[in-house]
1. Taking the radius of gyration and the Kirkwood hydrodynamic radius from Cα positions alone, what is the Rg/Rh ratio for region 27-386, to two decimal places?
2. Tell me, what HN-Hα J-couplings in whole Hz come from the Karplus equation 6.51 cos²θ - 1.76 cosθ + 1.60 at θ = phi - 60° for each residue of region 172-189, using x for Gly and Pro?
3. Between region 323-369 and region 212-282, what is the C-alpha centre distance in whole Å?
4. Counting pairs of alpha carbon atoms under 8 Å apart in space and at least six apart in sequence, what relative contact order in percent does region 27-386 give?
5. Please report, in cubic angstrom per residue, the volume enclosed by the convex hull of the alpha-carbon atoms of region 185-269.
6. Karplus couplings for region 313-318 from phi (6.51 cos²θ - 1.76 cosθ + 1.60, θ = phi - 60°), rounded to Hz, Gly and Pro as x?
7. Tell me the mean residue ellipticity at 222 nm calculated for the chain from its helices only (DSSP H runs of n ≥ 4, each -39500 (n - 2.57), averaged over every residue, nearest 500).
8. Do any of K136/K237; K136/K348; K269/K309; K177/K230; K237/K348; K237/K269 go past 27 Å between their Cα atoms, and which?
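What follows is calculated from the coordinates using simple rules that are stated; it is not laboratory data. Computed from a prediction, not measured in an experiment: that's the story for all the values here. Counting neighbours? That spans all protein chains shown, and the Cβs are built from the backbone with ideal geometry, glycine included.
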Amino acid sequence: MTTTAPSIARDQPRSLTAAREGRPLPEPCILFLIVLALVTFGVLLVYSASQTADAGDTTHYFPRQAYFALAGLGMFVLGALVPYHRLNRWWVALGVLGLTVSLLVLVLFVGSGRGGAKRFLALPFGLHFQPSELAKFALVIFLAWFYSRSAARPRGIVRSLLPAIGVIGLVCALVVKEDFGTAALVGAVAVILCVIAGWRWWFPALLLAPAAVGAYVTVWLVPYRLDRLKVWIDPWKYFDGAGWHVCQSLMALGSGGLTGVGLGAGIQKLYIPDNTTDFIFAVLCEEMGILGGIMVIGLFGVFVWRAGKIVRTAPDRFAFLLASGILLVIGLQAIMNMGVVTSALPAKGIGLPFVSYGGSSLVMMSFAAGLLASIARRRDAQATRAEPLVHVPARRR
């Protein structure tokens with residue numbers, strides 16, 4: 001004898017089994033796969049570029065980047081598991097900001113770097129940490145906390161505008177001396193995030209004069225930065241001098257063609273300085289061609305699209321501002337790096353997120369992407385609690 005469950009009317013909730021069938025891939029998994037793909041591109045490209053980056057040790061960069069990649073993926077998982085709302089506390093926001101400012105001050109006195117620029121702090125086991133990478137997200141966390149408080153009205157001048165400008169100005173001033181590109185990125189992200197938070201339209205106009213003075217002091221009065229502006233206008237005029245980086249990068253872009261010369265077979269990369277960091281996208285286009293470049297651009301495009309969806313559906317104001325800031329940092333940095341490589345923007349020392357060589361950037365970017373996944377997890381959990389599904393027993397025979 002066979003019994004069947006009663007038929008279900010069409011207007012009733014779906015069964016739990018039916019709801020799970022055909023469910024799209026969860027947002028955290030999509031973000032993880034995108035980060036994994038970009039990190040894989042980075043490890044392969046660093047392996048190829050490092051064969052010529054250090055004539056004395058051709059394997060120096062590749063194993064380190066492989067370790068950084070594993071650490072970065074681990075930090076993504078950690079960020080996804082950390083309840084993001086725990087960051088929305090005054091002692092967390094101010095503590096992270098205070099730690100960042102302290103490290104930025106410390107690096108000015110005991111830091112190390114190349115070309116006279118002090119950007120790194122020495123760590124045990126031969127590792128180095130770049131505090132400016134922490135500054136990008138420390139400022140985002142602070143502003144997200146500050147403007148998610150009911151007491152901080154984004155339209156108030158004394159209680160809203162002046163504290164934000166003071167913090168932004170302090171962080172940018174500490175970064176700009178040694179790293180103008182990162183300072184420009186941090187300042188742009190912070191101002192855009194404040195506008196998203198609700199600044200009046202004329203608030204950014206108040207910053208134009210101080211920004212112009214700062215640009216004059218840090219660019220116009222600094223010879224090598226002024227040369228970068230001249231190179232941007234006509235790089236071929238300075239081919240044997242300040243324009244060498246950009247010209248070699250453009251030649252690498254052109255020599256790759258549609259499909260590239262093959263991974264590890266690039267020749268132009270031999271002449272590109274910083275081919276594992278700032279100009280790694282040029283190595284990509286030479287060895288994997290335009291199609292490889294489009295693939296990486298497409299991965300960033302999908303990342304921005306999915307992150308934008310998380311921003312639009314954020315479960316609370318702090319999550320909305322935090323996700324917006326993370327999206328701005330990663331998206332704008334990718335645009336700036338590729339703009340420099342293609343000479344669409346003046347040269348700046350800034351890497352391609354998840355791809356360029358460097359542990360500080362990879363770890364911080366991955367953890368921030370993990371926080372996006374944490375926001376998506378909480379959003380999905382709230383949606384599940386709000387719309388319970390009815391469990392229908394399977395048929396018995």
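1. Numbers: Rg = 20.3 Å, Rh = 21.1 Å.
Rg divided by Rh gives 0.96.
2. Listing the rounded values in order: 5, 5, 6, 8, 5, 4, 10, 8, 5, x, 5, 4, 5, 5, 4, x, 5, 4 Hz.
3. Each part reduced to its Cα centre gives a spacing of 16 Å.
4. Working: 531 pairs, mean separation 103.4, N = 360.
Relative contact order of region 27-386: 29 percent.
5. On the way: hull volume 14.0 nm³, N = 85.
Value for region 185-269: 165 Å³ per residue.
6. These are the phi-based 3J(HN,Hα) values: 10, 4, x, 7, 5, 4 Hz.
7. Values: 13 runs with 242 residues, N = 397.
Here the helix-only value at 222 nm equals -21000 deg cm²/dmol.
8. Values: K136/K237 35 Å; K136/K348 16 Å; K269/K309 37 Å; K177/K230 20 Å; K237/K348 19 Å; K237/K269 21 Å.
Violating the 27 Å limit, Cα to Cα: K136/K237; K269/K309.
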